[in-house]
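Encoded as structure tokens, the structure appears first; notes follow it.
The values are calculated or read from the model by the stated rules, or taken from the named source; none is laboratory data. Bear in mind the structure is a predicted one, so any value in this text is a computation, not a measurement. Here the Cβ positions follow ideal geometry from the backbone for every residue, glycine too, while neighbour counts run over all protein chains shown.
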Amino acid sequence: MRRLILLPICLLLLIADDSKKLPDGPGRKTTERLCGACHGFGNFIKRRETRDGWNAIIEDMIRRGAMGQDEEWAEVSDYLYAQFPK
């Protein structure tokens, strides 16, 4: 019985794995590596921001403990703004 309950949950988790949906472009791999450690990418795909908006989100993630070099975060910012502008 327990397996019957867990199966739909596992299937939903597989479907919800949207990490492969990020569009190709410079900075995609860095964005997947730095941001994907904590969450999926559905938030990016649904959201549109200005460059300042994306930078504010990145700064918030860094304050929360996201790790990366300044150059890597600049690459993530460029990628997000290029792929998901407001």
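Values as computed for the structure displayed
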{"item": "Any hit, the range 59-79, residues being touching an Asp or Glu at 6+ places or on another chain (Cβ under 8 Å) and at pLDDT 95 or above", "result": "no"}
{"item": "Residue pairs meeting the criteria (Cβ under 8 Å; at least 6 apart or on separate chains; first assigned to a loop (DSSP other than H, G, I, E, B), in the range 47-75; second basic (Lys, Arg))", "result": "Arg48/Lys86; Thr50/Lys86"}
{"item": "Members of the range 20-46 found to be part of a helix (DSSP H, G or I) and within 13 Å of Val76 (Cα to Cα), listed by number", "result": "Arg28, Lys29, Thr30, Thr31, Glu32, Arg33, Leu34, Cys35, Phe44"}
{"item": "Candidates Arg47, Arg33 - the one that is at pLDDT 85 or above, surrounded by fewer than 13 Cβ atoms within 10 Å (Cβ to Cβ), out of contact with any Leu (no Cβ under 6 Å at 6 or more places or on another chain) and basic (Lys, Arg)", "result": "Arg33"}
{"item": "Test: Lys86 is at pLDDT 85 or above and in contact with a strand residue (DSSP E or B) (Cβ under 6 Å, 6 or more places away or on another chain)", "result": "yes"}
